[in-house]
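Peer 1: One structure, as structure tokens, below. Some questions next.
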Amino acid sequence: MNDTELLALFLQRVDELGSTRLVQEGYNSGFTMNWSQESGCSEFTFKHPDEELFRSMLLSLRHFLLKKEPTYIYKIYNICHRLLINEKHKNYLVTSREFLDGAMKSTGIGLQIDGDHFSPQYVWDIYINGIYFHNDTEKRKKFLQLPEFQRNLIKNELFGFVNACLRQIFYAGKIVDYSFRHKEFAF
């Protein structure tokens, strides 16, 4: 596939991702922590999107986050950096890449459980390879042995990571689409 075909496929996949029901309807995720001074205990309440809709959306999202995929977002960033003639758009994509790099490391909360750091990238790997789509039994077993409360914290990290990825993928998609239509690529 040449660069023009890769960028066209990228835009097709962005449209597919944007057409998923969960993206169309939107979702909120997060948790609330209530602490009682009297009891010295914290109570957590988690808000998660519909599991089936989330898993369905991940089928489209994974095209952008798996290195072997032709639409791997970093491959798209590299093509744009090499071929975009609009320096402003090129710089916007450099910033987008930096945001995505940051999201791979942290969504704002450092999650450490029993000495293990659960970075967003690691959590993505656990879910994609151990829970949702593949059968990495070690990852699955390690995750499922954790108490439900800790699994919910880890899943919340996944939601934050996915949201950050979606923002950058759609942002890059808008720039690539505009640049295609305005002939800003030096093919």
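The values are calculated or read from the model by the stated rules, or taken from the named source; none is laboratory data. Source: prediction; values computed, not measured. Don't worry about glycine lacking a Cβ; one is built from the backbone with ideal geometry, like all the others, and counts go over all protein chains shown.
Peer 1: Under 7 Å between Cβ atoms, at least 6 apart or on separate chains: pull out the pairs that start in the stretch 107-124 with a residue that is within 16 Å of Lys142 (Cα to Cα) and touching a residue at least 12 places away in the same chain (Cβ under 8 Å) and end on any residue that is among the basic types (Lys, Arg) and not in a loop (DSSP other than H, G, I, E, B).
Peer 2: Note: pairs meeting the criteria are Ser119/Lys105.
Peer 1: Please indicate, with yes or no, whether at least one residue in the stretch 77-93 is buried (at least 16 other Cβ atoms within 10 Å of the Cβ) and closer than 20 Å to Glu16 by Cα.
Peer 2: Among the residues of the stretch 77-93, at least one is buried (at least 16 other Cβ atoms within 10 Å of the Cβ) and closer than 20 Å to Glu16 by Cα, which makes the answer yes.
Peer 1: Out of the stretch 33-59, which residues are farther than 20 Å from Phe149 by Cα and either at pLDDT below 70 or not acidic (Asp, Glu) (or both)? Don't jump to the end; show me each part of the working.
Peer 2: Let us first name the residues in the stretch 33-59 that are farther than 20 Å from Phe149 by Cα, namely 37-38, 52-53, 55-59.
The answer is Gln37, Leu53, Arg55, Ser56, Met57, Leu58, Leu59.
Peer 1: Can you tell me which residue within the stretch 122-155, out of those that are in contact with a helix residue (DSSP H, G or I) (Cβ under 7 Å, 6 or more places away or on another chain) and hydrophobic (A, V, I, L, M, F, W, C), is farthest from Phe64 (Cα to Cα)?
Peer 2: Phe143
Peer 1: Further question: Touching a helix residue (DSSP H, G or I) at 6+ places or on another chain (Cβ under 9 Å), within 20 Å of Val162 (Cβ to Cβ) and surrounded by 12 or more Cβ atoms within 10 Å (Cβ to Cβ): is that true of Ser106 in this structure? Even if it seems obvious, please write down each step before you answer.
Peer 2: Working: touching a helix residue (DSSP H, G or I) at 6+ places or on another chain (Cβ under 9 Å): yes; within 20 Å of Val162 (Cβ to Cβ): yes; surrounded by 12 or more Cβ atoms within 10 Å (Cβ to Cβ): yes.
So Ser106 passes the test.
Peer 1: Further, regarding this structure: Name the pairs: first residue in the stretch 40-55 and exposed (fewer than 15 other Cβ atoms within 10 Å of the Cβ), second residue hydrophobic (A, V, I, L, M, F, W, C) and modelled with pLDDT of 75 or more, Cβ to Cβ under 8 Å, at least 6 apart or on different chains?
Peer 2: Qualifying pairs under 8 Å: Phe44/Phe149; Phe44/Leu153; Asp50/Leu22.
Peer 1: So, Lys88, is that one modelled with pLDDT of 95 or more and either among the charged types (D, E, K, R) or within 26 Å of Gln24 (Cα to Cα) (or both) or not?
Peer 2: yes
Peer 1: Determine whether Ser119 is under 23 Å from Val23 (Cα atoms), among the small types (Gly, Ala, Ser) and either touching a helix residue (DSSP H, G or I) at 6+ places or on another chain (Cβ under 9 Å) or at pLDDT 90 or above (or both).
Peer 2: No; evaluated as a whole, the condition is false for this residue.
Peer 1: How many residues are part of a helix (DSSP H, G or I), in contact (Cβ under 8 Å) with a residue 24 or more places away in the chain and more than 24 Å from Ala103 (Cα to Cα) if we restrict to the stretch 132-185?
Peer 2: Total satisfying the criteria: 3.
Peer 1: Among the listed residues Leu11, Leu22, which satisfies the condition of being surrounded by 12 or more Cβ atoms within 10 Å (Cβ to Cβ), touching a residue at least 40 places away in the same chain (Cβ under 8 Å) and assigned to a helix (DSSP H, G or I)?
Peer 2: Of the residues listed, the single one that is surrounded by 12 or more Cβ atoms within 10 Å (Cβ to Cβ), touching a residue at least 40 places away in the same chain (Cβ under 8 Å) and assigned to a helix (DSSP H, G or I) is Leu11.
Peer 1: Within the stretch 50-65, does at least one residue satisfy the condition of being charged (D, E, K, R), within 22 Å of Phe170 (Cβ to Cβ), part of a loop (DSSP other than H, G, I, E, B) and over 16 Å from the mean Cα position of the chain (by Cα)?
Peer 2: Yes, because at least one residue in the stretch 50-65 is charged (D, E, K, R), within 22 Å of Phe170 (Cβ to Cβ), part of a loop (DSSP other than H, G, I, E, B) and over 16 Å from the mean Cα position of the chain (by Cα).
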